[in-house]
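Here is the structure we will look at.
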Amino acid sequence: MASVALPALSCRSSSEPVKELRVCTNRTCRKQGSFQILETLTALAPPKLRVNPCGCLGRCGSGPNLVALPQGLLLRHCATPSRAAEILFSLCGDGREASSSSAVTNALAALALTNNALSQIEAGNFPEAESLLTQALELKPYGGLHRILKHRAVAKLGMIDYFGALEDISQALESAPNYTEAYICQGDIYVAKGEYDLAEKSYLKCLEIDPTLRRSKSFKARIANLEKKAVEVDMT
């Protein structure tokens, strides 16, 4: 499908920036692959842009459909990761023609490297994951850098490289100060280092940003583990 030129609504410089992209995940758009598009946009989005699922936007059959807010700009035929990356770049990039830029290619290549790295982390191959994520960062994608840095911190934590992991988290939080996953990772690093007071501060920061984490089983498990280790230290 040919690329369609889109308005250059910059998330960084416009007087009315795009603050949110909503992706229809209703029945028709879901069959056309909207969940894959949602994952792609979430991974590539800059920190200040929210990406969320939503109900039907109309125009069924011409999807997956998106809407950019607060402008209310309806974007149709977003059926491939490449199309999603082009749309995101047109909305939040530097204003160049997305289809003629290497930015989209680099962003998708970085995403592929990141997904591969996540598989390596799951398998416990932390050095390979760290290498893949470093390659992704070297491509300088236009969005999602804070996520790549957080993933690399996880890989470095698995390699017992605490200094490197904290350095990556610091960089991630510099660009995305409300990124809860980075604070969770930071807490995990401090737990591994035995710095439980700092770990508690990181986890509490997560709850300050997103109180709903109290209901998360994985977050509850982290708090329980932290409390257990703190008690063990007090008993020695």
Within the set of pairs 6 or more residues apart or between chains, which connect a residue that is outside any helix (DSSP H, G or I) inside segment 214-232 to a residue that is of a type outside the set (A, V, I, L, M) with Cβ atoms less than 7 Å apart?
none
Just checking, does segment 132-154 include any residue being part of a helix (DSSP H, G or I), modelled with pLDDT of 95 or more and farther than 26 Å from LEU49 by Cβ?
no
Tally, over segment 45-68, of residues that are in contact (Cβ under 8 Å) with a residue 40 or more places away in the chain and out of contact with any strand residue (DSSP E or B) (no Cβ under 9 Å at 6 or more places or on another chain)
2
Those residues that are assigned to a loop (DSSP other than H, G, I, E, B), modelled with pLDDT under 90 and out of contact with any helix residue (DSSP H, G or I) (no Cβ under 7 Å at 6 or more places or on another chain), I need them from segment 80-95; list them, please.
ASP94, GLY95
Qualifying residue in segment 121-128 (condition: among the polar types (S, T, N, Q) and within 17 Å of the chain's Cα centre (by Cα)):
no
Which of the residues spanning segment 33-56 are under 9 Å from VAL23 (Cβ atoms) and either crowded, with 20+ Cβ neighbours inside 10 Å or in contact with a helix residue (DSSP H, G or I) (Cβ under 7 Å, 6 or more places away or on another chain) (or both)?
SER34, ILE37, LEU38, LEU41, VAL51, PRO53
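Kindly check whether there is at least one residue in segment 183-195 that is under 20 Å from the mean Cα position of the chain (by Cα), closer than 17 Å to GLY144 by Cα and part of a helix (DSSP H, G or I).
Applying the first criterion (under 20 Å from the mean Cα position of the chain (by Cα)) to segment 183-195 yields 183-189.
From what's left, closer than 17 Å to GLY144 by Cα: 183, 185.
In the following step, the residues that additionally are part of a helix (DSSP H, G or I) were identified as 183, 185.
Scanning segment 183-195, I find at least one residue that is under 20 Å from the mean Cα position of the chain (by Cα), closer than 17 Å to GLY144 by Cα and part of a helix (DSSP H, G or I), so the answer is yes.
Mind counting the residues in segment 156-176 that are within 16 Å of the chain's Cα centre (by Cα) and not in a loop (DSSP other than H, G, I, E, B)? Outline the logic, then answer.
First, pick out the residues of segment 156-176 that are within 16 Å of the chain's Cα centre (by Cα): 168-176.
Adding the requirement that they be not in a loop (DSSP other than H, G, I, E, B) leaves 168-175.
Result for segment 156-176: 8.
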Output the number of the condition that GLY124 fails; it satisfies all remaining conditions of (1) modelled with pLDDT of 90 or more; (2) within 21 Å of ASN52 (Cα to Cα); (3) not in a helix (DSSP H, G or I).
(2)
Out of (1) touching a residue at least 60 places away in the same chain (Cβ under 8 Å); (2) surrounded by fewer than 23 Cβ atoms within 10 Å (Cβ to Cβ), the one VAL191 does not meet is (1)
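Looking at LEU133, LEU113, LEU91, LEU74, which one is out of contact with any Pro (no Cβ under 7 Å at 6 or more places or on another chain), among the aliphatic types (A, V, I, L, M) and surrounded by fewer than 16 Cβ atoms within 10 Å (Cβ to Cβ)?
The conditions single out LEU74.
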LYS205 fails exactly one of the following numbered conditions: (1) outside the structural domain of LYS228 (by TED's automatic domain parsing); (2) more than 21 Å from PRO81 (Cβ to Cβ). What is the number of that condition?
(1)
Based on this model, can you work out whether LYS150 counts as crowded, with 23+ Cβ neighbours inside 10 Å and touching a residue at least 24 places away in the same chain (Cβ under 8 Å)?
yes
Testing ARG214 on (1) touching a helix residue (DSSP H, G or I) at 6+ places or on another chain (Cβ under 8 Å); (2) surrounded by 12 or more Cβ atoms within 10 Å (Cβ to Cβ), one condition comes back false. Which one is that?
(2)
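The values are calculated or read from the model by the stated rules, or taken from the named source; none is laboratory data. Since the model is a prediction, treat every value here as computed from it, not as a measurement. Note that each Cβ is placed from the backbone with ideal geometry, even for glycine, and that neighbours are counted across all protein chains shown.
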